[in-house]
Amino acid sequence: MKSEIERTSTVLNENSPSTIIVEGARVHNLKNISVTIPRNKLTVITGVSGSGKSSLAFDTLFAEGQRRYLESLPAYARQFLDQMDKPDVDSVRGLSPAISIEQHASTPGPRSILATTTELHDHLRLLFAYIGIPHCHVCGKVVGATSAENIVEKLLDNPDGTRLTILAPLRRKKSRLKMTQCVEEAAKAGFVRLRVEGKIYSLEEIQSGDDSEGSVVEAVVDRIVIKPDVRRRITDSVELSLLHGKGSLCVLCTRPGEKEVVENYSERNECSDCGISFETLKPASFSFNSHIGACPVCQGLGKEAYFEEALVVPDDSLSLAAGAIRPWRRGPKRLVASFNMMLKSVAAWQGIDLATPWRELSEKTRKIILYGSGEEELVITKKVRSNIRRSKQVYEGVMPNLIRRLRESESESMKTVLRSFMSRRQCTACGGLRMRPEILACRIPHSDEPDVNIADLLGRPVEALRGWVETLPLSSNQHIIADNVMNGLKDRLDFLINVGLGYLTGDRESATLSGGEMQRIRLASQIGTGLSGVMYVLDEPTIGLHPHDNEMLIAMLRKLQRNGNTLIVVEHDEAMIRQADHVIDIGPGAGRYGGIVTFEGSVQDLLKSHDSLTARFLTGVEKPCIPSRRTPDGRYLTVTAAAVHNLKRVTAKFPLGCLTVVTGVSGSGKSSLVDDVLRHNLEGYLGRPYRSRKNYEFTGCD
């Protein structure tokens, strides 16, 4: 039997192809070319832009690999997938399953962060759902759900002779239920006594008393003395209390020789002191992409839109009559006229002139105009059809009016107009942490540091998070529950650290990551899958990378190759070309002047080639044309004390009329300085009316 297996293995190895052979490729501008690509090696396809590199790599090799894979699926499955056309090629032999990693400008969603992109968040959600300890987000008390069976067992653990009074809560402190309703409910259920604010009364005594609201009311279900044959009675009383107490019960416990103590139990996660309850936490509860866990104000974005005063009143030199309140000058004439009459009513009430510039109005008057009169009423003049009507009512205010109109309007054009007066700020409800308060109150204890919630861990750098995971003490039961989750979490953290991204925090927005960081994240994810025998096709992975990052990228590609994979890279970078096992140079020009293989072979042979344009640049025969330098004319744009992301109060001068290059390793803060500070503030400043620019607040810098 063993010899038969060995013979079969030998035949398979001899028949397995060692190369990928493409014959007669004519996709786009390719001129019937044929190439031979070694398997399990790093092959670089190079040439001038538009010469046909991507046509060979993606539109021929990758497209044919994907098409053949889809054809292997059942017809039922293929109907749900996009079918790929057969590329214009005579034959392709030796293909492997293909994965494409294209270089393109990613447009992640507003909720996408590093932790969600790398699946760190998924593992943290499981960890908190398994071993997290829920707390009350108001008082901080530990809360937990207890089943009826466990409640009975805890009560029976008391010594014989213990006196128990089992109570069913009917009304808590914040409940609006009236006392008469509590009495009616208790009488209907057959109870004869109620405990009100710690004292027990009969129903008749309470009916003749005061019907006040706010006091805690509990029905006396049973009075029991612990003895050997009392289990059934306690079980019935506990179940009855949970039924009428809506999942909660209270027990007055007096042990022999001790004072009476109050014990609260609940079948839900409920705080007995605050009366706050919530469902049992599960993995979806810790996701800000789900309505279960997302902050209800910002819907998990961490930021909320609000109407900004500087946009509502862009020019403070204008008066109310001249249109200082800009949103109230936009819309149908009937609506604008109504707003003008309302402003006249407020002006008459406050005794101000409508021609007074906005900046000269008192702070109190401006606040009333923008935010309303509160509970104070004034005479408001309105035009209803052709009639003028006056009524005494509360003045709504500009800001509440805009919020209400945005919420109630069914016109998309009107909503677009209203949103133009809005800005974004950190969510005031969750503080930018994206999740509900009861979710953030769930914490995991650690022996060496304070308890942490999931937002605390997401806010840590990857290296610090790895240290926390490594030192997290787990009990034997927790090890059984969470070992697989912990191992997966460690693996993903190690991948990020190994590719030099240990400095990033888990809550870093994906849109703020540099191209090099995203490229390494994608490659680290592929390494983490552990696939073998795959053909990876990459599109210029070194774009935007510093030479230091190129070395790290090449090392990652080599690791993929050592795992038994074939790598085909479309590339211009010199370092990547020199590291290749096999080079294919396509040219000699672009478009109809390209599509010809000018060289195919090793790097050493490439340097000896006389036909390859790439070889002439690598050997120094031809050099790039560098334009003459232009000196600054003395005009500068200065950024002072920039502190966005990892920038440490950077000050930089940008000369005007020149080409300025900002460089540095990937993740050093280049995009933070140029895009998040310089561009963002310039757009905000120049996009405002001229007179309101002096009120502009520069974000992220001084």
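The values are calculated or read from the model by the stated rules, or taken from the named source; none is laboratory data. All values reported here derive from a predicted model rather than from experimental measurement. Positions of Cβ are generated from backbone atoms using ideal geometry, with glycine treated the same way; all protein chains shown enter the neighbour counts. Just so you know, the surface numbers come from the protein's heavy atoms only, side chains and all, with ligands and any DNA or RNA stripped out. Shrake-Rupley method; radii C 1.70, N 1.55, O 1.52, S 1.80 Å.
On the basis of being assigned to a loop (DSSP other than H, G, I, E, B), over 18 Å from residue 245 (Cβ atoms), open to solvent by 70 Å² or more (accessible area, probe 1.4 Å) and modelled with pLDDT under 85, does residue 213 make the cut?
The answer is yes for residue 213.
Among 455, 482, which is at pLDDT 90 or above and of a type outside the set (Val, Ile, Thr)?
Unique residue meeting the criteria: 455.
Whether any residue in the range 683-702 is surrounded by 13 or more Cβ atoms within 10 Å (Cβ to Cβ), in contact with a His (Cβ under 9 Å, 6 or more places away or on another chain) and at pLDDT 85 or above is what I want to check.
No, every residue in the range 683-702 fails to be surrounded by 13 or more Cβ atoms within 10 Å (Cβ to Cβ), in contact with a His (Cβ under 9 Å, 6 or more places away or on another chain) and at pLDDT 85 or above.
If you go through the range 143-157 one residue at a time, how many are open to solvent by less than 20 Å² (accessible area, probe 1.4 Å) and more than 23 Å from residue 441 (Cβ to Cβ)?
Count: 4.
Filter the range 347-393 for residues that are of a type in the set (S, T, N, Q) and exposed (fewer than 14 other Cβ atoms within 10 Å of the Cβ) and give the result.
Those that are of a type in the set (S, T, N, Q) and exposed (fewer than 14 other Cβ atoms within 10 Å of the Cβ): 362, 386, 387, 391, 393.
Across the range 394-428, what is the number of residues that are over 21 Å from residue 323 (Cα atoms), open to solvent by less than 60 Å² (accessible area, probe 1.4 Å) and in contact with a Lys or Arg (Cβ under 7 Å, 6 or more places away or on another chain)?
Summing the residues that are over 21 Å from residue 323 (Cα atoms), open to solvent by less than 60 Å² (accessible area, probe 1.4 Å) and in contact with a Lys or Arg (Cβ under 7 Å, 6 or more places away or on another chain) in the range 394-428 gives 2.
Can you spot a residue in the range 441-456 that is free of Cβ contacts under 8 Å to residues at least 24 places away in the same chain, β-branched (Val, Ile, Thr) and open to solvent by less than 10 Å² (accessible area, probe 1.4 Å)?
yes
Cβ-Cβ distance below 6 Å, separation of 6 or more or different chains: which pairs start in the range 541-566 with a residue that is charged (D, E, K, R) and end on one that is crowded, with 19+ Cβ neighbours inside 10 Å?
Between residues of the range 541-566 that are charged (D, E, K, R) and residues that are crowded, with 19+ Cβ neighbours inside 10 Å, the close pairs are 549/516; 549/666.
Looking at the range 435-452 only, could you name the residues that are of a type in the set (A, V, I, L, M, F, W, C) and not in a loop (DSSP other than H, G, I, E, B)?
435, 439, 440, 444, 452
What's the number of the only condition in (1) farther than 30 Å from residue 40 by Cα; (2) part of a loop (DSSP other than H, G, I, E, B); (3) among the hydrophobic types (A, V, I, L, M, F, W, C) that residue 641 fails to meet?
Tallying (1) farther than 30 Å from residue 40 by Cα; (2) part of a loop (DSSP other than H, G, I, E, B); (3) among the hydrophobic types (A, V, I, L, M, F, W, C), residue 641 fails exactly one: (2).
Return the residues of the range 299-334 that are more than 30 Å from residue 111 (Cβ to Cβ), part of a helix (DSSP H, G or I) and open to solvent by 40 Å² or more (accessible area, probe 1.4 Å); say none if nothing qualifies.
Passing the criteria: 326, 329, 333, 334.
Among the candidates 679, 649, 635, which residue alone is more than 25 Å from the chain's Cα centre (by Cα) and over 23 Å from residue 461 (Cα atoms)?
Sole residue among the options that is more than 25 Å from the chain's Cα centre (by Cα) and over 23 Å from residue 461 (Cα atoms): 635.
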